[in-house]
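Below is one structure, written out as structure tokens; comments come after it.
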Amino acid sequence: MSHIHIPFNRPCWHGDEIKYITQAYENGWISGDGPFTKKAQHLLEQQLNISKVLLTTSCTDALEMAAILLNLQPDDEVIVPSFTFVSTALAFVMRGAKIIFADIRPDTLNMDETQLESLITDKTKAIIPVHYAGIACAMDNIMAIANSYHLAVIEDNAHGLYGKYKGQALGSIGHLATQSFHETKNITCGEGGALLINDPQYLQRAEIIREKGTNRSQFFRGEINKYSWVDKGSSYVLSDILAALLYGQLLHSHHIQEKRKKLWHYYHSHLISWATHHHIQLPFIPDECESGYHMFYLLMPSLSIRTQFIAHLKNYNIHAVFHYLPLHTSKMGQLHATQKKTCPITVDISDRIVRLPFYNDLQQQELDYILDAIFAFTID
Ligand SMILES: *Cc1c(COP(=O)(O)O)cnc(C)c1O
């Protein structure tokens, strides 16, 4: 099987994408907010039970919109896990905010909710939970703390699409939430994202911020007779061609999630005894959570064993990868943090995590090949 090459991720098509892209092209409406943007937004609103979804150019941009919506001022503080993608912090730093880095829980790798209260100061304005790998943060605790200190909660739901917490869709719990449709996510249009608005107080300004600070959306609905520059903003609207591609994927979301769920459980059930025997930790899903099945990872016993393991799989042409480097020790993280906090769990997990190939059309034969390669790894 030496001809086999298994990437970590690859984009997968489900049949309707090209049809809708062609329709968008034939419609002659390729800028934003055309028919496919509306269809994709409505479908997401229905699927997640959210009052308003606005497609954006990326998750990073949706987070930037959230930062503008919160009217963050220089030196306002935002609580962000150290174990996340750069954008979760960057979008707030762009508004001059300071970042308070929270450490993560060793079981779910999510923001440690038990530390939150000790991180809040009178300058804190928001908490940004990230549902790592598609498994929910302890949202009841986080929302209760946020409400008692009058903080906004913005779920960075880039991993969490279609995951649930106590039966509620991730992305529908915080005041705002953001999605990513980047090539590496469960549902993709190459580059794209969405802002999910659960608290209606943000709705009107969100439309304006997304349209370069103009009230163009209201104008197009005929609510006002001319549009003008009324607020801050930028160019956050997604092309209708990409929205058409996204719509094609969203229509197959059930099928996509079922495939990913099967994959995840195949890995889990075949690896559990091997992992236990070698002191390797597998992902943990708390009872109140339904996973969004964004990834499958292993926590190796040490950095050196992880390095050997990744090299071992590479010899089999299997691309397994590590993940986030701690943000609190990065150059920008240190520059924009409020305090020099340590996040020991983040540092430890960052050294030991490895993600296995995981994409919608990973074949059974490929899966078995990956498992055989894993079982051939010797830990000395
Ligand atoms: C992918 C990702 C982002 C960024 O998404 P873009 O759409 O590429 O901007 C932000 N946060 C998390 C947790 C991500 O995984």
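List the pairs whose first member sits in the stretch 117-140 and is in contact (Cβ under 8 Å) with a residue 60 or more places away in the chain and not assigned by TED's automatic domain parsing to the domain that holds Ile173, whose second member is surrounded by fewer than 19 Cβ atoms within 10 Å (Cβ to Cβ) and among the charged types (D, E, K, R), and whose Cβ atoms are under 7 Å apart, counting only residues at least 6 apart or on separate chains? Matching pairs, first to second residue: none at all. Within this structure, Ala136 passes the test of being in a loop (DSSP other than H, G, I, E, B), buried (at least 24 other Cβ atoms within 10 Å of the Cβ), more than 10 Å from the ligand (Cβ to nearest atom) and among the small types (Gly, Ala, Ser).
Among the residues that make up the stretch 289-306, is at least one of them under 29 Å from Ile187 (Cα atoms) and surrounded by fewer than 17 Cβ atoms within 10 Å (Cβ to Cβ)? Within the stretch 289-306 (the criterion being under 29 Å from Ile187 (Cα atoms) and surrounded by fewer than 17 Cβ atoms within 10 Å (Cβ to Cβ)), the answer is no, since none of the residues qualifies.
Only one entry of Gly171, Gly160 meets the criterion of being within 16 Å of the ligand (Cβ to nearest atom), over 26 Å from Leu298 (Cβ atoms) and either out of contact with any Phe, Trp or Tyr (no Cβ under 6 Å at 6 or more places or on another chain) or outside any loop (DSSP other than H, G, I, E, B) (or both), and that entry is Gly171.
The single condition among (1) hydroxyl-bearing (Ser, Thr, Tyr); (2) surrounded by fewer than 21 Cβ atoms within 10 Å (Cβ to Cβ); (3) in a helix (DSSP H, G or I); (4) modelled with pLDDT of 95 or more that Ser217 does not meet is (4). Among the residues of the stretch 262-273, is there at least one that is under 19 Å from Ile379 (Cβ atoms), assigned by TED's automatic domain parsing to the domain that holds Ile353, in contact with a strand residue (DSSP E or B) (Cβ under 6 Å, 6 or more places away or on another chain) and not basic (Lys, Arg)? So far as the stretch 262-273 goes, no, none of its residues is under 19 Å from Ile379 (Cβ atoms), assigned by TED's automatic domain parsing to the domain that holds Ile353, in contact with a strand residue (DSSP E or B) (Cβ under 6 Å, 6 or more places away or on another chain) and not basic (Lys, Arg).
Condition test on Lys226, is it within 19 Å of the chain's Cα centre (by Cα) and over 19 Å from Gly193 (Cβ atoms)? No: the conditions fail for Lys226. I want to confirm something. Restricting to the stretch 176-206 and keeping residues that are part of a helix (DSSP H, G or I) and among the aliphatic types (A, V, I, L, M), which single residue is farthest from the ligand (Cβ to nearest atom)? Here the answer is Leu203. Take Asp240 and tell me if it is in contact (Cβ under 8 Å) with a residue 12 or more places away in the chain, out of contact with any Leu (no Cβ under 6 Å at 6 or more places or on another chain) and among the acidic types (Asp, Glu). Answer is yes for this residue. All conditions but one from (1) crowded, with 23+ Cβ neighbours inside 10 Å; (2) touching a strand residue (DSSP E or B) at 6+ places or on another chain (Cβ under 7 Å) apply to Ile6; the one that does not is (1).
More than 13 Å from the ligand (Cβ to nearest atom), among the β-branched types (Val, Ile, Thr), in the same structural domain as Glu64 (by TED's automatic domain parsing) and farther than 22 Å from Thr60 by Cβ: does that describe Ile145?
On the way: more than 13 Å from the ligand (Cβ to nearest atom): yes; among the β-branched types (Val, Ile, Thr): yes; in the same structural domain as Glu64 (by TED's automatic domain parsing): yes; farther than 22 Å from Thr60 by Cβ: yes.
So Ile145 fits the description; yes.
Annotation for the stretch 360-378: no member residue is outside the structural domain of Met94 (by TED's automatic domain parsing), touching a Lys or Arg at 6+ places or on another chain (Cβ under 6 Å), buried (at least 18 other Cβ atoms within 10 Å of the Cβ) and assigned to a helix (DSSP H, G or I). It is to be established whether one or more residues within the stretch 70-78 are in contact with a helix residue (DSSP H, G or I) (Cβ under 6 Å, 6 or more places away or on another chain) and under 26 Å from Phe181 (Cα atoms). Within the stretch 70-78, one or more residues are in contact with a helix residue (DSSP H, G or I) (Cβ under 6 Å, 6 or more places away or on another chain) and under 26 Å from Phe181 (Cα atoms).
The values are calculated or read from the model by the stated rules, or taken from the named source; none is laboratory data. Keep in mind that what you see is a predicted model, and the values were worked out from it rather than measured. Every residue, glycine as well, gets a Cβ built from its backbone with ideal geometry; the counts of neighbours run over all protein chains shown.
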